[in-house]
Amino acid sequence: MATNPGWAGKDGHFKRQVSAFRDHIEENGEHPPEKGRYHLYVCYACPWAHRALIIRQLKGLEDYIDVSYVHPHMLEGGWHFVKPDNAKKQAAPVSEHSFDTFPGSTEDHLFGSEYMSEIYKKADPNYSQRFTVPVVWDKKSNTLVNNESSEIIRDFNSAFNSTLPDGEKKELDLYPEDLRKEIDELNTWVYDDINNGVYKSGFATTQEAYEKNVVQLFKSLDRVEKILSDGRDYLIGGKLTEADVRTYTTIVRFDPVYHGHFKCNLGSIRHDYPHINRWLKNLYWNNPAFKDTTDFDQIKEHYYYSHGNINPTRVVPLGPKEDIEPL
Ligand SMILES: N[C@@H](CCC(=O)N[C@@H](CS)C(=O)NCC(=O)O)C(=O)O
């Protein structure tokens with residue numbers, strides 16, 4: 001009898017929780033757009049947090065929203081930060097698997113907390129759900145604004161426009177009015193079958209649940225492949241939209257992690273999906289917001305080290321030889 005590590009229902013299917021904090025950064029609202037007012041908590045490894053990092057950079061919000069990066073090991077107690085003293089020291093080499101430091105991870109810049117849970121408890125002492133990233137924190141009203149990436153990225157896309165200097169980044173709209181219907185439609189099945197589909201495959205605790213989800217995942221990858229098969233660089237409307245960002249954060253993790261760790265091995269992106277692979281490489285190599293925010297060491301370390309039920313030895317594989325292929 002397979003053990004159920006607690007994330008799946010009786011039917012063996014993984015169930016993702018519904019995010020609890022759903023306020024917005026908006027003009028004349030409780031959380032108005034202001035340079036330096038908001039802090040973003042992320043893990044480089046997390047695909048949902050990665051969405052927020054990409055859009056922060058695409059929109060030129062680096063000086064507007066500062067960031068704390070948790071350590072990639074998500075163990076008992078949840079996400080933790082590097083201790084302030086260690087953050088200043090030279091980070092340990094990846095092979096040391098240190099709990100105290102990891103290249104790219106930081107202390108909690110706002111409060112010097114040890115665990116991400118402390119941030120949630122500051123906002124709501126009775127909070128009893130999982131302590132997930134990403135999180136947007138309002139330094140002025142001293143509370144958690146939002147912990148749902150699909151909403152955080154919408155705020156980052158448009159809420160700061162009135163405060164941004166004129167230029168390309170201010171103009172960039174990743175959710176343009178005329179494409180919203182198409183973006184929403186694509187987001188829905190990409191979320192269910194691909195973004196969440198890799199988790200539903202990897203966290204399934206019965207053979208039946210695994211097979212159902214992994215087959216659906218590959219059906220939807222086939223669907224993305226078909227969309228991109230006319231040679232286009234972007235999924236919708238001939239330009240970069242949030243649909244590309246949301247799909248990218250799963251696809252870039254696919255060959256290094258999901259293919260092995262989550263048993264999503266009916267194919268790989270580089271060998272079986274030439275058009276998705278071309279689209280992926282173009283985003284990664286030709287747009288710094290994608291490359292700068294993708295940290296393959298953090299990604300591999302997080303998944304292989306954190307899920308003791310799936311990989312009890314915590315050994316992190318060396319391959320694939322190239323995290324992503326060259327152009
Ligand atoms: N719906 C959330 C999901 C975020 C999420 O599940 N993040 C994971 C990391 S990939 C997490 O922080 N998990 C911590 C935990 O489950 O304890 C979003 O999209 O923002």
Roughly how many Å is it from the Cα centre of the stretch 251-304 to that of the stretch 178-228, as a whole number? 15 Å
Is there a quick way to get the dipole size of the stretch 239-305? I mean about its Cα centre, with the Cβ of Lys and Arg at +1 and of Asp and Glu at -1; what is the value in debye to the nearest 20? 200 debye
Helix runs (DSSP H) in the chain reaching 18 Å along axis by Cα, Kyte-Doolittle at least -0.5: 207-228
About the Cα centre of the stretch 112-196, what is the dipole size in debye to 20, counting +1 per Lys and Arg Cβ and -1 per Asp and Glu Cβ, all else neutral? 560 debye
Quick one: if you stick a label point 7 Å off each Cα along the C-beta vector at GLU185 and LYS169, how many nm between them? 3.4 nm
With +1 at each Lys and Arg Cβ and -1 at each Asp and Glu Cβ, the charge dipole magnitude of the chain around its Cα centre, to the nearest 20 debye, comes out at 660 debye
Which one, ASN157, TRP79, LEU53, projects farthest toward the positive side of the charge dipole computed for the stretch 38-171 from Cβ point charges (K/R +1, D/E -1)? ASN157
Quick one: of LYS181/LYS226; LYS10/LYS300; LYS59/LYS321, which pairs are farther than 24 Å apart, Cα to Cα? LYS10/LYS300; LYS59/LYS321
In the chain, taking the dipole from +1 charges on Lys and Arg beta carbons and -1 charges on Asp and Glu beta carbons about the Cα centre, the listed residue (ASN142, ILE324, ALA243) farthest towards the positive end is ILE324
Ordered by fewest other Cβ atoms within 10 Å, a rough proxy for footprinting exposure, TRP48, TRP285, TRP7 read TRP285, TRP7, TRP48
Quick one: which residues, 5 or more positions from VAL67 or on another chain, have an amide H under 5 Å from its amide H? H modelled 1.01 Å from N in the peptide plane, none for Pro or chain starts. LEU40
For all pairs of alpha-carbon atoms in the chain, what percent lies in each bin of width 10 Å, listed from the first bin to the last filled one? 6, 25, 35, 26, 7, 0, 0
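Each reported figure results from applying straightforward, stated rules to the coordinates on display, with no laboratory input. What you see is a predicted model, and the numbers here were worked out from it, not measured in a lab. Positions of Cβ are generated from backbone atoms using ideal geometry, with glycine treated the same way; all protein chains shown enter the neighbour counts.
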